[in-house]
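What follows is calculated from the coordinates using simple rules that are stated; it is not laboratory data. Just so you know, these numbers come straight off a predicted model, no measurement behind them. Here the Cβ positions follow ideal geometry from the backbone for every residue, glycine too, while neighbour counts run over all protein chains shown.
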Amino acid sequence: MDTLRTRSHQHETDPNPHEEGAGVTASSRRPKRAAWTAGAASAALCLGALTVPAIAQAEPAPAAPALNAAPALDGALAAIPAAGVPGAYGAALDDSGRWTGAAGVADLTDETPAEADSYHRIASVTKTFVSVAVLQQVAEGTVELDAPAADHLPAGTLPGALADTVTVRMLLNHTSGIGDYVNVAFPSLRQLSPESLEEHRYRELAPEELVEMGLSAPATGTPGQRYSYSNTNYVLAGLLLREVTGVSAEEYVTEHVIDAAGLTDTFFPDSPELPTPHARLYDPLHGTQDPPGDYTEYDMSWASTAGALVSTMTDLNLFQQALFGGELLPEEQLAEMFETVPMGHDANGQPYGAYGLGLYPITLSCDTFWGHDGIAWGASTLAFSSEDGSQQAAVGYNLTHYQTIASDGSLNPHPADAAVVRYLDAALCGSDGSALSSEALREAQLTLENARLDRTLG
């Protein structure tokens, strides 16, 4: 990449096709640095939840409109590939307009420029869509959020005591204690080997098979005991939707969430290929693959309702605008999404991080925002919104697991992580990056590292 520049910027003044219109904030406590282990590594190689730490601000400044912040966004987006990833594409939306842009390259071989609104595997951002679908059923009275999930699952799906104790809420906030299936589905990741990734590139897996794998993995605790990210939870949520609606979870989410939000470029794939335009998706497996593996063509049935969706950054913004604007859920169920549990506790027993029902908060230089991230074999995504639905920002880039492993077993911080945080701050706070102190950026990189150690899908 000889030059880095942003391209295909669009500035529109009618951002709101949806005319209508308290949660726990992320902890500002400095998170612990997690040691890398083989087991954590395999979890880190998939769909999960990034936790960006709170950044203290005495008097939050009002966020600048995305349209007015376009020059800063151009530079902030270009900084992501400049930091060492091939390409990036972003979108921002607020009451004054919308912005899209791209920087870097979509293909390392021929250096094809990245394109704004490329189709992208959004991995665990899928979880927000599925959580909304389940909460719609709660609103209709067909599902009880705090009742045993087994009451709404096919008979025998959950064995023994789990059938009596794992609630629907525990699936959605990752406190079920059920293990993650990804470690079982891709066993070579425990040795940081891509062998099973290549072997299973075109394998088709049914959700029941994924649940069986997750139940065979070590439990992460007793139901309700603590948060532990597990993609099995959201595959179970998909089976629950199928059981209570009589149609597949994919069909239900498409009709009642995707279509209801007015999205035109978001779908569950039925092919290993991505539509055009798309970037090629690369994963160096923490420096163990050079050149990085190319996972552009991949059967995503392994991700199921935990992370299989394909979308664009523009569609992600429109989805969050509809969600937080109250168009997809009644007020009571939307409020439930903001009810969080701690992601962990430090050495003094103090909580840090927060996860709700398919959402988590990040605090930037001006305010706290809500959303999710995703990582799936070469595709990284972050999408966040103001709680009132007035501002959204999303970014995707075509590299995952780019941090190398330090001698102490932790992941070395990577400049791209700081660049992504700066982009979000520019998009949502209208800053030029100067509002984020160097200490805040260091803490953000450390938190991103710890989140990747805790994840499985992405």
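By its C-alpha gyration tensor, with a ≥ b ≥ c as the square roots of the eigenvalues, how is the stretch 24-453 shaped: rounded for a/c under 1.5, else prolate for a/b larger than b/c, else oblate? Here the stretch 24-453 falls in the rounded category.
Which whole-number percentage describes the relative contact order of the stretch 166-286, with Cα contacts under 8 Å and a sequence gap of 6 or more? The partial results should precede the final answer.
Details: 133 pairs, mean separation 37.3, N = 121.
Worked out over the stretch 166-286, it gives 31 percent.
Using a Förster distance of 30 angstrom, determine the FRET efficiency expected from the C-beta separation of residue 201 and residue 112, and round it to 0.05. For R0 = 30 Å, the calculated efficiency reads 0.85.
Order by neighbour count: 290, 425, fewest other Cβ atoms within 10 Å first, most last.
Working: 290 8, 425 30.
By the 10 Å Cβ count, ascending, the order reads 290, 425.
A simple charge model with +1 on the Cβ of Lys and Arg, -1 on the Cβ of Asp and Glu and nothing else charged puts the dipole of the stretch 164-203 at about 100 debye relative to its Cα centre.
A simple rule links phi to the HN-Hα coupling: the Karplus curve 6.51 cos²θ - 1.76 cosθ + 1.60 with θ = phi - 60°, which for the stretch 140-145 gives 7, x, 8, 10, 9, 4 Hz, with x for Gly and Pro.
Inter-part distance, the stretch 95-161 to the stretch 171-188, computed on C-alpha centroids, equals 17 Å. Between residue 251 and residue 147, the modelled label-to-label distance comes to 2.3 nm, taking each label 7 Å out from Cα in the direction of the beta carbon. Simple point charges give the picture: +1 on the Cβ of Lys and Arg, -1 on the Cβ of Asp and Glu, and for the stretch 143-273 a dipole about the Cα centre of about 580 debye.
Taking amide H atoms as placed 1.01 Å from N in the peptide plane, the amide H of residue 205 lies under 5 Å from those of 301, 302, each 5 or more residues away in sequence or on another chain. Based on C-alpha pairs under 8 angstrom that are at least 6 apart in sequence, the stretch 24-453 has a relative contact order of 29 percent. Look at 99, 370 and count the other Cβ atoms within 10 Å of each Cβ; fewest to most, that gives 370, 99.
Starting with the fewest neighbours, write out 109, 100 ranked by other beta-carbon atoms found within 10 Å of each beta-carbon.
On the way: 109 9, 100 28.
With the sparsest Cβ surroundings first, the list reads 109, 100.
The HN-Hα couplings worked out from phi for the stretch 201-212 by the Karplus form 6.51 cos²θ - 1.76 cosθ + 1.60 (θ = phi - 60°) are 4, 10, 6, 9, 10, 7, x, 4, 5, 5, 5, 4 Hz, whole numbers, x standing for Gly and Pro. Residues in the stretch 240-248 carry Karplus couplings, in order, of 4, 4, 4, 5, 8, 9, x, 10, 4 Hz; the curve used is 6.51 cos²θ - 1.76 cosθ + 1.60 with θ = phi - 60°, and Gly or Pro positions show x. According to the square roots a ≥ b ≥ c of the eigenvalues of the Cα gyration tensor, what is the shape class of the stretch 223-357, taking rounded for a/c under 1.5, prolate for a/b larger than b/c otherwise, and oblate for the remainder? The shape class here is oblate. On the beta carbon distance between residue 164 and residue 208, with R0 = 22 Å, the FRET formula returns roughly 0.60. Amide hydrogen proximity for residue 96: with H placed 1.01 Å from N in the peptide plane, the residues at 5 or more positions away or on another chain lying under 5 Å are 66, 67. Which shape class applies to the stretch 267-347: rounded if a/c is under 1.5, otherwise prolate when a/b exceeds b/c and oblate if not, where a ≥ b ≥ c are the square roots of the Cα gyration tensor eigenvalues? It comes out oblate by the Cα gyration axes.
Using only alpha carbon positions, build the gyration tensor of the stretch 159-287, then give the equivalent ellipsoid semi-axes as the square roots of 5 times its eigenvalues, largest first, whole angstrom. Mind dumping the intermediate values first?
Working: eigenvalues 135, 114, 34 Å².
Equivalent ellipsoid of the stretch 159-287: 26, 24, 13 Å, largest first.
The charge dipole of the stretch 24-453, taken about its Cα centre with unit charges on the Cβ atoms of Lys, Arg (+1), Asp and Glu (-1) only, comes to about 1280 debye.
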